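Asker: One structure, pasted below without further comment.
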Amino acid sequence: MTERLLVNPIECEGHGACAELLPELITLDEWGYPIVDGRPIPPALDRDARAAVSACPTLALRLTRVSLSRSLPPQSRRHGRPCGSLGRRAYGARHPALPKGQASQGG
Amino acid sequence: MLENVSGINSSTALWYASRATGVVALLLMTAVVLLGLMVTRQGRLPGLPGFAVSGLHRNMSLIAVVFVALHVLTAVADSYVYIPLTAAVVPLASPYESLWIGLGAVSLDITLAIVVTSLLRRHLSRRLWRAVHLLAYLSWPVAWLHSISSDTRGMLHGWQFLLSVGTALVVVAAVGWRLAAAARDVPRAERVGLLMSAVHGRNAMRDKLRGSDPLSGRERTSRR
Amino acid sequence: MTTAMRGTFAEDTATDLPRLLPPNGQPEDWHAHASRHGYLPYRGAPGRLIQDLQHAGLTGRGGAAFPVYRKLAAVLDAANARRRNPVVIANGAESEPASDKDATLLWLAPHLVLDGLQLVAEAVGADEAFLYTHAHRRDDVGRRLREVREQRRAAGADRVPVHMAEAPPRFLSGQETALINYLGGGPAIPTFMPPRVTERGLNGAPTLVQNVETLAHAALIARRGPRWFRQVGTRNEPGSMLSTIRRFDGAPRIVEVPLGMPLRNLLGPVGSDGAVLIGGYHGTWVPALEAARLTLDNQSLQVVGGRVGAGILIALPPDRCGLAETARTVRYLALESAGQCGPCLNGLPRIAAALVELAGARPRREARADVERWAGVVTGRGACHHPDGTARFVRSALFTFAAELDRHEQGRCSATNTRPFLPIPSTTARTEEDWT
């Protein structure tokens, strides 16, 4: 099961713990907010990635599963489920992911 | 009991151990509260990376719970007075000094709730986690009250006095500092407007600040 | 205000327009609507309309151009899997200031929109519907819509109750998660919570959000069929759409045009060194000469990095300064940020300030590079597309007005008219209440 990193930009407050623990995949922009490499995590960095996720004081960083049939662009806002969450939802995997609504008129 | 004045029997040893572990637990919890406040304001400990603050906060809280457990177990094991084990978590269950031990139980209950919700944080709603975590502001004072009450005769002098006053001062000061900093925080909706004015203002001044970056600094998106 | 424009493709397609807007330009009441379109063709069971919409190739007319049938199918699937009744929302917030088509449609042909709302509600098995309009667009549109709702109730036309709500006048009010947040009792700012709203939206129910124009098209497809819908437009982008067009006089005109129509037909002569804004304030500036060669469809526009979006076309008069207009707009966009995400909160105001510098005389040498860098750093890093769209708008301005940038560096400007041209609201969010 490959995973990738995803940051919730609303919860993120720019503490920067993630970038300290996983500099290979996360760097901070000039304002201290993370730029996350959204590609699947190489196995060698798996432990560090989990440490980074767990170190985030606001739980903004999470791991989501990548479906192997479709590679997603970095920092894409497509659907992802945090690993280990209770209350699994029946996600219609046969339907391709939908884009987030546009800022102006959506739909 | 002349023959026991200088001797240390098992009961006295347990009693001393209970007091000692209690003191350490209080100190640890004080440190945990201070570290927690630092996390919310993104403070740094000198010489340590940023993630150390939250890491220490979490680890020390677990160690503090261990010391509280030792404190409770030694007090229960001490046969000089009878304290049932349930009194550790059920307030007023102890016939001995029921009020003071009850305070300790309240504090421990809240602490356990905080620790458990934090360990299960990923599975809980943010609001619930945060609401429980804020109870730390209640748990610490109650623990402090428990600590000053359990040996009222020895309280007003010596190192116990220093300990009580010192920890209280430090926590009150830290909380005060945190509230003051939060009061300076700009509400979200105004943040953007103020930043724009500030940036425009700095731009207008850039001729006077030649060489320095007029647009340095960052805006925080904290919701608190 | 409404003009029907004839297409220049095959002759037989031209006579079909306008489809949505009434030919006489007058608001349609229930009887006029029924006589022009016939009565609401309910299908009798959920799901049946979806196939027609798929064959018709209807895409969202709110800006994202997402295939409508896929959204409906996703909501229907989620509803079945979770055994929860979905909610459908007609999005008429039209929070883009330069767009007027949704307000016009709701004014002139509200019954079509409400027909479409009922039909999609049936298609996904919804038991609740919302009509979400803009607070300050037109003072009496709320009253008119309530009358319309009453007429329909009297005629027994609506099966699903329609609740009406007014969006706060913020740029982000029409964003999908923002409007759901608002309808759920929160502020009209975006949320970031997988799963998608089609899975879990308003009050946890699978939620379908569709632009009001999209619903109007769906209402017609249900009556006339997918093949009729495809009679205008292009092969890959069929159908017609409402477009808000501003020529040099700045007055907005709403026209219903077939997709694929040449821009020069819509904008008229735009001169050789002007510029055209395609797609509104999250859209793209294009040099006028380039724009004259383009057609109103994504296949053509993507060559210049543009998209049809909500069909907003603005021709900048040659006597105005494109950089000044851009700076004014980005200042508005920055102030309309929800301020929730660090990159947007930090980046947009700085970009706006740097653009003000670039729009003035002798800007700092680093200003242009700063804007480019910041535009890159904010893209894709917010909870919604506000920073992305703003960055796209800004970069297209730097590209299209490159010659003007050079002139400004030397202290000159080619513009002779400093009166603002692009429509920017003067009131912006100041306190938390402005979002609720």
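Asker: Which is among the small types (Gly, Ala, Ser) and within 14 Å of another protein chain (Cβ to nearest Cβ), of C:339, C:305, C:322? Can you show your working first?
Answerer: Numbers: C:305 fails: within 14 Å of another protein chain (Cβ to nearest Cβ); C:322 fails: within 14 Å of another protein chain (Cβ to nearest Cβ).
Answer to the check: C:339.
Asker: Step by step: first the residues of region C:160-184, then only those that are under 20 Å from residue C:113 (Cα atoms) and of a type in the set (A, V, I, L, M, F, W, C), then the one that is nearest to the other protein chains (Cβ to nearest Cβ). Which residue is that? Break it down into steps so the answer makes sense when it comes.
Answerer: Pass one, region C:160-184, residues under 20 Å from residue C:113 (Cα atoms): C:160-167, C:173-176, C:179-180, C:183.
In the following step, the residues that additionally are of a type in the set (A, V, I, L, M, F, W, C) were identified as C:160, C:162, C:164-165, C:167, C:179-180, C:183.
On the way: C:160: 17, C:162: 16, C:164: 17, C:165: 15, C:167: 11, C:179: 7, C:180: 9, C:183: 13 Å.
Among them, the one singled out is C:179.
Asker: Now, a different point. Can you name the condition, by its number, that residue B:169 falls short on among (1) modelled with pLDDT under 90; (2) outside any loop (DSSP other than H, G, I, E, B)?
Answerer: (1)
Asker: Return a yes/no flag: does region B:57-74 have any residue that is more than 21 Å from residue B:145 (Cβ to Cβ), surrounded by 13 or more Cβ atoms within 10 Å (Cβ to Cβ), free of Cβ contacts under 8 Å to residues at least 60 places away in the same chain and among the small types (Gly, Ala, Ser).
Answerer: Checked region B:57-74: no residue is more than 21 Å from residue B:145 (Cβ to Cβ), surrounded by 13 or more Cβ atoms within 10 Å (Cβ to Cβ), free of Cβ contacts under 8 Å to residues at least 60 places away in the same chain and among the small types (Gly, Ala, Ser).
Asker: In region C:94-110, what count of residues is obtained for those that are surrounded by fewer than 24 Cβ atoms within 10 Å (Cβ to Cβ) and either within 11 Å of chain A (Cβ to nearest Cβ) or farther than 17 Å from residue C:167 by Cα (or both)?
Answerer: Here the count works out to 3.
Asker: Same structure, new question: Run residue C:208 past the list (1) over 23 Å from residue C:107 (Cβ atoms); (2) part of a loop (DSSP other than H, G, I, E, B) and report the number of the one that doesn't hold.
Answerer: Only one criterion in (1) over 23 Å from residue C:107 (Cβ atoms); (2) part of a loop (DSSP other than H, G, I, E, B) is unmet by residue C:208, namely (2).
Asker: Of all residues in region C:211-227 being touching a strand residue (DSSP E or B) at 6+ places or on another chain (Cβ under 6 Å) and farther than 18 Å from residue C:158 by Cα, which is nearest to the other protein chains (Cβ to nearest Cβ)?
Answerer: Within region C:211-227, the subset touching a strand residue (DSSP E or B) at 6+ places or on another chain (Cβ under 6 Å) is C:211-213, C:215.
The next check asks that each one be farther than 18 Å from residue C:158 by Cα; those that pass are C:211, C:213.
Working: C:211: 4, C:213: 9 Å.
The residue in question is C:211.
Asker: Output the residues belonging to region B:125-134 that are open to solvent by less than 70 Å² (accessible area, probe 1.4 Å) and farther than 21 Å from residue B:55 by Cβ. Before you say what the answer is, go through the steps one by one.
Answerer: First, the residues of region B:125-134 that are open to solvent by less than 70 Å² (accessible area, probe 1.4 Å): B:125, B:129, B:131-133.
Within region B:125-134, B:125, B:131 qualify.
Asker: Quickly run through region C:197-210 and pick out the residues that are within 9 Å of another protein chain (Cβ to nearest Cβ) and under 20 Å from the mean Cα position of the chain (by Cα).
Answerer: Of everything in region C:197-210, those that are within 9 Å of another protein chain (Cβ to nearest Cβ) and under 20 Å from the mean Cα position of the chain (by Cα) turn out to be C:197, C:198, C:208, C:209, C:210.
Asker: Okay, next question. Sort through A:107, A:87 and tell me the only one that's at pLDDT below 95, farther than 23 Å from residue B:37 by Cβ and in contact with a Gly (Cβ under 8 Å, 6 or more places away or on another chain). Write out each step before concluding.
Answerer: Details: A:87 fails: in contact with a Gly (Cβ under 8 Å, 6 or more places away or on another chain).
Checking each option against the conditions leaves just A:107.
Asker: Have a look at B:147, B:118 and point out the one that is in contact (Cβ under 8 Å) with a residue 60 or more places away in the chain, open to solvent by less than 50 Å² (accessible area, probe 1.4 Å) and within 14 Å of chain A (Cβ to nearest Cβ).
Answerer: Numbers: B:147 fails: within 14 Å of chain A (Cβ to nearest Cβ).
After ruling out the rest, the residue left standing is B:118.
Asker: Condition first: touching a Gly at 6+ places or on another chain (Cβ under 9 Å) and part of a helix (DSSP H, G or I). Now tell me which residues in region C:173-182 satisfy that.
Answerer: Restricting attention to region C:173-182, the residues satisfying the condition of being touching a Gly at 6+ places or on another chain (Cβ under 9 Å) are C:174-180.
Of everything in region C:173-182, those that are touching a Gly at 6+ places or on another chain (Cβ under 9 Å) and part of a helix (DSSP H, G or I) turn out to be C:176, C:177, C:178, C:179, C:180.
Per-residue answers, yes or no, for (1) open to solvent by less than 20 Å² (accessible area, probe 1.4 Å); (2) part of a loop (DSSP other than H, G, I, E, B):
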position	(1), (2)
C:273	no, yes
C:277	yes, no
C:285	yes, no
C:289	no, no
C:299	no, no
C:324	no, no
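Asker: Can you pull out the residues in region B:13-56 that are without any contact (Cβ under 8 Å) to a residue 60 or more places away in the chain, among the hydroxyl-bearing types (Ser, Thr, Tyr) and surrounded by fewer than 19 Cβ atoms within 10 Å (Cβ to Cβ)?
Answerer: Across region B:13-56, the qualifying residue is only B:16.
Asker: When region C:382-415 is examined, which residues are found to be open to solvent by less than 20 Å² (accessible area, probe 1.4 Å) and farther than 20 Å from residue C:278 by Cβ?
Answerer: Across region C:382-415, the qualifying residues are C:382, C:383, C:384, C:405, C:408.
Asker: For region C:366-390, give me each residue that is without any contact (Cβ under 8 Å) to a residue 40 or more places away in the chain and either more than 29 Å from residue C:341 (Cα to Cα) or small (Gly, Ala, Ser) (or both).
Answerer: Residues satisfying the conditions are C:367, C:369, C:375, C:376, C:380.
Asker: Now for a different question. So, in region C:239-271, how many residues would count as being hydrophobic (A, V, I, L, M, F, W, C), assigned to a strand (DSSP E or B) and in contact with a Gly (Cβ under 7 Å, 6 or more places away or on another chain)?
Answerer: Just the residues of region C:239-271 that are hydrophobic (A, V, I, L, M, F, W, C), to begin with: C:241-242, C:245, C:248, C:251, C:254-255, C:257, C:259, C:261, C:263, C:266-267, C:270.
Now restrict to residues that are assigned to a strand (DSSP E or B): C:241-242, C:245, C:254-255, C:257.
Next, from what is left, pick out any that are in contact with a Gly (Cβ under 7 Å, 6 or more places away or on another chain): C:241-242.
Number satisfying all stated conditions: 2.
Asker: Which residue is nearest to the chain's Cα centre (by Cα), if the candidates are limited to region C:351-374 and must be farther than 24 Å from residue C:415 by Cα and surrounded by fewer than 23 Cβ atoms within 10 Å (Cβ to Cβ)?
Answerer: In the first step, residues of region C:351-374 are kept if they are farther than 24 Å from residue C:415 by Cα; the result is C:370, C:373-374.
Applying the additional criterion that residues be surrounded by fewer than 23 Cβ atoms within 10 Å (Cβ to Cβ) yields C:370, C:373.
Numbers: C:370: 30, C:373: 28 Å.
Among residues in region C:351-374 that are farther than 24 Å from residue C:415 by Cα and surrounded by fewer than 23 Cβ atoms within 10 Å (Cβ to Cβ), the one nearest to the chain's Cα centre (by Cα) is C:373.
Asker: Of the residues C:199, C:213, which is of a type outside the set (Phe, Trp, Tyr), buried (at least 21 other Cβ atoms within 10 Å of the Cβ) and modelled with pLDDT of 95 or more? Quick ask: steps written out before the conclusion?
Answerer: Details: C:199 fails: modelled with pLDDT of 95 or more.
Unique residue meeting the criteria: C:213.
Asker: Kindly indicate whether residue C:187 is open to solvent by 20 Å² or more (accessible area, probe 1.4 Å), within 14 Å of chain A (Cβ to nearest Cβ) and not hydrophobic (A, V, I, L, M, F, W, C).
Answerer: Yes; evaluated as a whole, the condition is true for this residue.
Asker: Shifting gears a bit: Residue by residue through region A:2-57, note down the ones that are of a type in the set (D, E, K, R), at the interface with another protein chain (Cβ under 9 Å from one of its Cβ atoms) and in a helix (DSSP H, G or I).
Answerer: Looking only at region A:2-57, we keep the residues that are of a type in the set (D, E, K, R), and these are A:3-4, A:11, A:13, A:20, A:24, A:29-30, A:37, A:39, A:46-48, A:50.
If we keep only those that are at the interface with another protein chain (Cβ under 9 Å from one of its Cβ atoms) as well, we get A:11, A:13, A:20, A:29-30.
Correct list: A:20 only.
The values are calculated or read from the model by the stated rules, or taken from the named source; none is laboratory data. Predicted model only: the values in this text are computed from it and were never measured. All Cβ positions, glycine included, derive from the backbone under ideal geometry; neighbour counts span all protein chains shown. Accessible surface areas use protein heavy atoms only, side chains included; no ligands, DNA or RNA. Shrake-Rupley method; radii C 1.70, N 1.55, O 1.52, S 1.80 Å.
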